[in-house]
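Take a look at the structure set out below.
The values are calculated or read from the model by the stated rules, or taken from the named source; none is laboratory data. Here the structure is a predicted model, which means the values were calculated and not measured. Glycine gets a Cβ as well: all are built from the backbone with ideal geometry, and neighbour counts include every protein chain shown. SASA here: full protein model, heavy atoms, side chains in, ligands and nucleic acids out. Shrake-Rupley method; radii C 1.70, N 1.55, O 1.52, S 1.80 Å.
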Amino acid sequence: MNFLAPAAFAFAATIPVVILFYLLKRKRVVKLVSSTLLWQKFLAETQASAPFQRLRKNWLLILQIILLTLAVLALARPFFATRTKPPQLTVVILDASASMQATDESPSRFEKARTEALKWVDSLANNDQMVVLQAGANTEVKQSATSEKAALRRAIQACVCSDGPTRLVPALRMAESLVREQRGAEVHLFSDGAVPELNEFENKALPLVYHRVGKTANNVGITALDVRANPEDASQRAIYASAANFSSNRVQTEMELLLDDQLLETRPMTIASNDTSALVFIAAQARDGIFTVRLTSKDDLAADNQASIVSLLPKPVKVLLVSRGNRLLEKALRAAPNVQLATATDLTDPAAGFDFVVLDDVAPSAWPQVNTLAIHILNTNWLENVSRVDAPAIVDWKSAHPLLRYAGFDNVQVSESFVAKAPSWAVSLVDSPQAPLILAGELGRQRIVWIGFDLLQSNWPLRISFPIFIANAVEWLNPANARGGQLLVKAGDAFRLGLAQPEKSAQITLPGGTTKTLELDPKANEFVFGDTYKQGAYKLRIGTNEMSFCVDLLDADESNIKPRDELQLGKYTKVAATTLQRTNMELWRTIAAVGLLVLMVEWWYYHRRTV
């Protein structure tokens, strides 16, 4: 055993002082009494000439000596000698995603994780350092590397759980960069493991310690929500909602539909274990509003029991077709819902009065400034290294893209086509062996669909997929629908709104009713709001414009709150959950506790004698 403060043994000199007090004779006070019969022993001591008396057995003296010995020993801070080690860095990552709000741990998984993280702060050695990261929809550095335990505790206490999905990759990237050159450093993740695969860390030898939080998977959550015009009655709205059951038992619940907080309809639902069920509500809507669906059953996670979406009434779509004549294309455009079609043989202005323009094998005198469907034409500002290919074969297409929903390219043949490498602003929708044939993307604020081949030089207009594609293109290029898509935000993502003119301030009302006033840059042409960590409806006022947007979770991976026993880092690397906690404890606390016990025994013994 060694001592961190051996100089404290100097306090052992107080022990002889205590003994000396017991050797000295007590000074007596003169008192008048009626008789000295009972005071003979007292009178004999007062008549003694020696200043000291014989040391007699006294339990108070023994207890006081033991107490002083323990106090001196505690001040010397004894410890057991071990191998010395250099200062170590520990990176603590707190998962602050929606699934950590589950209440299968008391009071919640997040509070349980916070408590466990605080224990690791207490176990830090004097020279060790710790970094605190909060991983939710975004990664936040709550505390940079420090050895100050008070600051680390404040940082962990300042972490807040959100309604957003788990995005652990940025947090692990940051942690990996911090511990890369640190010998003996460790990354401690406190999470339920409801994270996507972490393949990029497979070969990085990340010193990750996974502390699993959570017990059960009792949860039913809303995973999808959409609103469209009713295909059978354009005056009504169809609300599509999907719910998934991640518990081990069949669940019977009800789903409620509300419009602007007014209950419209309630439907029963029975969802089998690990299954999904969908409902379609039909509702009349007289004005723009917010549809909300919510589940009535109680489970361990409340954040995904409700979702909302802004529903804007459909408006006529003004479309300009610039063509030398294409009856098949014109007929398909007129068949799309709410289309007001105008035709021309050339375009001499930016077409600001139209919602979007279709350029059919015509290079316009002036390129449109609105959304554009360009067919068999070239714009060097859009594409580079364009070439021509004869009879390209269609080998693949992205059916998951909104433009190709329900539209396939089986048996579609093309005589010749322009081909170009997909630029950074666009994605390839239809591929040939040489290059993409159809591209789509957003350049600046302009949505563009580019088709490399002439429709009349293919058999595509004779396939059922052609009018479906045109209907999808009308919906995707309609700026009103694009604005509607901006009004549904994933929790944690920023809400963005283009500004037609400079504004000085904006007011936004959060779902809880709190109103914030934000100062804007007069030169800004876009409003960006990032405090979207709670799901619900947000109300925004900028200048004279008022609008609402909704923040939802709608994430099946996050709603699956089953705690993972291990994290998968690629195909072959796994990190198993651990509950092991190591701590370096000195002995002075134990010794001080024993000393306090001795002090209490002395207090009891003294009062027992004096009673």
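Assorted remarks:
- Boolean, Lys315 is closer than 20 Å to Gly485 by Cα, open to solvent by 10 Å² or more (accessible area, probe 1.4 Å) and modelled with pLDDT under 95: yes
- Scanning the range 296-307 for residues that are more than 19 Å from Asp104 (Cα to Cα) and either surrounded by 22 or more Cβ atoms within 10 Å (Cβ to Cβ) or free of Cβ contacts under 8 Å to residues at least 12 places away in the same chain (or both) turns up just one, Ala307.
- Residues in the range 70-93 that are assigned to a strand (DSSP E or B) and modelled with pLDDT of 80 or more were compared, and the one that is surrounded by the most Cβ atoms within 10 Å (Cβ to Cβ) is Val92.
- Looking only at residues of the range 523-541 that are at pLDDT below 90 and not small (Gly, Ala, Ser), we find that the one that is farthest from Arg294 (Cα to Cα) is Lys523.
- Of the residues making up the range 406-436, those that are among the aliphatic types (A, V, I, L, M), in a strand (DSSP E or B) and open to solvent by 30 Å² or more (accessible area, probe 1.4 Å) number 1.
- Selection from the range 144-173 of residues that are open to solvent by 40 Å² or more (accessible area, probe 1.4 Å) and not hydroxyl-bearing (Ser, Thr, Tyr): Ala145, Glu148, Lys149, Ala150, Arg153, Arg154, Gln157, Ala158, Val160, Arg167, Pro170, Arg173
- Of the strands (runs of 3 or more DSSP E) lying entirely inside the range 437-521, those containing at least 2 residues that are farther than 30 Å from Tyr533 by Cα and touching a residue at least 24 places away in the same chain (Cβ under 8 Å) span 446-451.
Table: residues versus (1) open to solvent by less than 70 Å² (accessible area, probe 1.4 Å); (2) of a type outside the set (Ser, Thr, Tyr).
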{"site": "Glu181", "(1), (2)": "no, yes"}
{"site": "Val220", "(1), (2)": "yes, yes"}
{"site": "Thr223", "(1), (2)": "yes, no"}
{"site": "Pro231", "(1), (2)": "no, yes"}
{"site": "Ala243", "(1), (2)": "yes, yes"}
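- From the list Leu497, Leu510, Leu520, the one residue that fits, being under 23 Å from the mean Cα position of the chain (by Cα), of a type outside the set (Phe, Trp, Tyr) and over 24 Å from Asp304 (Cβ atoms), is Leu497.
- Qualifying positions in the range 286-295 - aliphatic (A, V, I, L, M) and open to solvent by 30 Å² or more (accessible area, probe 1.4 Å): Ala286
- Trp588 open to solvent by 100 Å² or more (accessible area, probe 1.4 Å), of a type outside the set (Ser, Thr, Tyr) and at pLDDT below 75: no
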